[in-house]
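Dropping the structure in here first, questions after.
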Amino acid sequence: MTSYGKSITITCAKGDGNGINTLRYNPDLCTGCGMCVTVCPHRVFTMRERKAILANYEACMECGACQRNCPAGAISVESGVGCAGAMMRAALTGRRQEDARCE
Amino acid sequence: MTGVMRTTGVITPKDSLDHFLARFGWRRNEHTVMPGLYALGSPTGESPVFVTANYTLSFDALRKALAGIDAYILVLDTKGINVWCAAGKGTFGSEELVNRIAHTKLTEKVNHRSLILPQLGASGICAHEVKRRSGFDVEYGPVRASDLKAYLKHHSATAEMRTVRFDLKDRFEVIPVEITNLLLPALLIALPLLFLKGAGSITGLLLIILLGTVLFPVLLPWLPTRDFSSKGLLLGGAAAVILSFAKMRGDQSLYLFLYNMVAAIFQMAPWTGFLALNFTGSTTFTSRTGVRREIFTYIPVFAAMFILGLVLALAKGAFRAWGFL
Ligand code: SF4
Ligand code: SF4
């Protein structure tokens, strides 16, 4: 992973199998379009020197908006609903967790 | 249907009644608007196009915010679900948007090629795919429709407008549906309780419901811990302590008082904790990873506390008979 300044290296290291969330960002692919900053409702990304950086990693609630709208494919996140009711219903009815949905 | 339907920026008393019922979850699938293209005011070929879901609360919030502006509103078929949840499900999605653009012959109505979408729809939409397939640029407006007029001045949103909040007002708005959702399970628990233990036990149940559905959302930001479950446990525990002091009698032995207090904590806290965990579904703040971790951590805790509470309740008679309390 190339370093683009200290903050990026640190936040990326945090983003590896950390159990906090599934958001992963590869700054090498970023073209600096700013779309992730626009769509994220938790200000997880900010722009610095025409690159996106993860400024607020822990606030991500895995909505998937940044991944869907990043034209460079620099972001990945396992999006899904952070809804305990839906997940427990899925567990009880034997559906896959990934298919858990709000009712 | 390719005709343009008409709408206004006015919210009638009938609309308000519909909003009220929708918030209570009354006939929750019937608060729908016909999908398609709407004219607000007298739009021309240069007027902006706003996209929303066919849920009355979403559609009405948008047209109210745009009152006085000439615009088109493109309503997607999200099966009567709001923008945020429909985007998560994918019904507020690129596919539906591209199809709806073609279906309503939008390219013949406007000369420009740009659409303004609510930011919270972005998790269902892929802007560059929509551009490739329909020729329309997707512009994400602010999170809240009420910020739209400010946004339209420069077509740019402040960081504030781009961030979800969960203000007191928003937290109040989820209370009705939380209560309605609990009604049936609560009734199922209340009836056997009523027969087994009499009316007194119902107060406990009502208190738990009040704590879990009203006090929890209201007090959310001030409950000290980070995850929802422990916030709920704390709230239930604190309420149990307060309740014990309120019920305290002067002639009571200290042991009996403490016993009752501990029992009350174990009987109430797991329920409020569980309701708090369920509340994650009403917010836009919790990630699936986080919620999964909460489920695995706290469900065993709730279960253990519940069993302990039950044991304490059943053992009380025995302890008293032996003269311990
Ligand atoms: S998944 Fe959603 S909350 Fe997380 S960084 Fe992306 S846009 Fe922000
Ligand atoms: S959307 Fe992708 S390419 Fe654009 S700034 Fe964000 S990470 Fe970079």
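Nothing in this text is a laboratory measurement; each read-out follows from the coordinates by a stated rule. Note that the structure is predicted; figures quoted are calculated from it, not measured. Heads up, the Cβs are rebuilt from the backbone with ideal geometry, glycines too, and the neighbour counts pull from every protein chain shown.
Between segment B:134-157 and segment B:8-75, how many Å separate their Cα centres?
Measuring centre to centre over Cα atoms gives 16 Å.
Another question, then. Tilt of helix B:288-321 relative to the longest C-alpha principal axis of chain B, in degrees (0 to 90, nearest 10)?
Around 20 degrees separate the two axes.
Can you pull the Rg over Rh of the protein assembly as shown, Cα-only, Kirkwood? Present the calculation step by step, with values, prior to reporting the outcome.
Numbers: Rg = 25.2 Å, Rh = 24.0 Å.
We get a ratio of 1.05 for the protein assembly as shown.
I've got another one for you. Taking N as the number of residues in segment B:52-172, what is its alpha-carbon radius of gyration divided by 2.2 N^0.38 Å?
Details: Rg = 14.0 Å, N = 121, 2.2 N^0.38 = 13.6 Å.
Output field value: 1.03.
In segment B:156-265, what trypsin sites (Lys or Arg not before Pro) fall in a loop by DSSP, with at most 16 other Cβ atoms inside 10 Å? Could you put the intermediate results ahead of the total?
On the way: sites: B:ARG162, B:ARG165, B:LYS169, B:ARG171, B:LYS197, B:ARG226, B:LYS231, B:LYS247, B:ARG249; in loops: B:ARG162, B:ARG165, B:ARG226, B:ARG249.
Filter output for segment B:156-265: B:ARG165, B:ARG226, B:ARG249.
Note down, for chain B, the three equivalent ellipsoid semi-axes (square root of 5 times each alpha carbon gyration tensor eigenvalue), biggest first, whole angstrom. Mind dumping the intermediate values first?
Values: eigenvalues 529, 69, 54 Å².
That gives 51, 19, 16 Å for the three semi-axes.
Which one of B:GLN252, B:LEU215, B:PHE274 has its Cα pushed farthest toward the positive end of the charge dipole of segment B:168-321, where Lys and Arg give +1 and Asp and Glu give -1 at the Cβ?
B:GLN252
For A:PHE45, what residues show an amide H to amide H distance below 5 Å, using hydrogens built from the backbone and excluding near sequence neighbours?
So A:PHE45 has HN proximity to A:ALA55.
Please list, in order, the residues from segment B:136-169 whose amide nitrogen is less than 19 Å from a point placed 7 Å along the Cα→Cβ vector of A:THR31.
B:136-140
Rounded to the nearest 10 degrees, what's the angle between the helix B:200-210 long axis and the longest principal axis of chain B, both from Cα atoms, 0 to 90?
Approximately 30 degrees, to the nearest ten.
To continue, here is another question. Where does helix B:56-65 land angle-wise versus the long Cα axis of chain B, in degrees 0 to 90, nearest 10?
60 degrees
How far apart, in nanometres, would the label points at A:MET47 and B:ALA318 be if each is projected 7 angstrom from Cα along the Cα-to-Cβ direction?
Label at A:MET47, label at B:ALA318, 7.0 nm between them.
While we're on this one: More than 24 angstrom separation, counting every C-alpha pair in segment B:168-321; what % is that?
35 percent
Restricting everything to alpha-carbon atoms, can you work out Rg to Rh for segment B:187-277 with a Kirkwood hydrodynamic radius? Please list the in-between numbers first.
On the way: Rg = 13.9 Å, Rh = 13.8 Å.
In segment B:187-277, Rg relative to Rh is 1.01.
Next question. From the helices alone, meaning DSSP H stretches of at least four residues, give me the mean residue ellipticity at 222 nm for chain B, per-run term -39500 (n - 2.57), in deg cm²/dmol to the nearest 500.
Details: 14 runs with 181 residues, N = 325.
Rounded to the nearest 500, it is -17500 deg cm²/dmol.
Stretch B:LEU196-B:TRP26 to full length: gain in nm at 0.36 nm per residue minus the Cα-Cα span? Mind dumping the intermediate values first?
Working: separation 170, 0.36 × 170 = 61.20 nm, distance 3.20 nm.
Length gained between B:LEU196 and B:TRP26: 58.0 nm.
Determine which aspartates and glutamates satisfy two conditions relative to B:LYS131: a Cα distance under 15 Å, and not lying fewer than 8 residues away in the same chain.
Within the straight-line cut-off, B:LYS131 pairs with B:GLU95, B:GLU96, B:GLU139.
Here's another thing I want to ask about it. Once both labels are modelled 7 Å past Cα along the beta-carbon direction, what's the B:THR12-A:ASN56 spacing in nm?
Between B:THR12 and A:ASN56, the label points sit 4.1 nm apart.
Tell me, what is the FRET efficiency for B:ALA303 and A:THR93 to the nearest 0.05, using R0 = 22 angstrom and their Cβ-Cβ distance as r?
0.65
Please compute the modelled spin-label separation between B:LEU183 and A:GLU78, points set 7 Å along Cα→Cβ, answer in nm with one decimal.
With each label placed 7 Å out from Cα toward Cβ, I get 3.7 nm.
Taking each residue in A:33-43, count the Cβ atoms of any other chain within 10 Å of its Cβ, then average. What number comes out? Can you show the working numbers first?
Working: counts 1, 0, 5, 1, 2, 8, 10, 6, 12, 6, 5.
The per-residue average across the peptide is 5.
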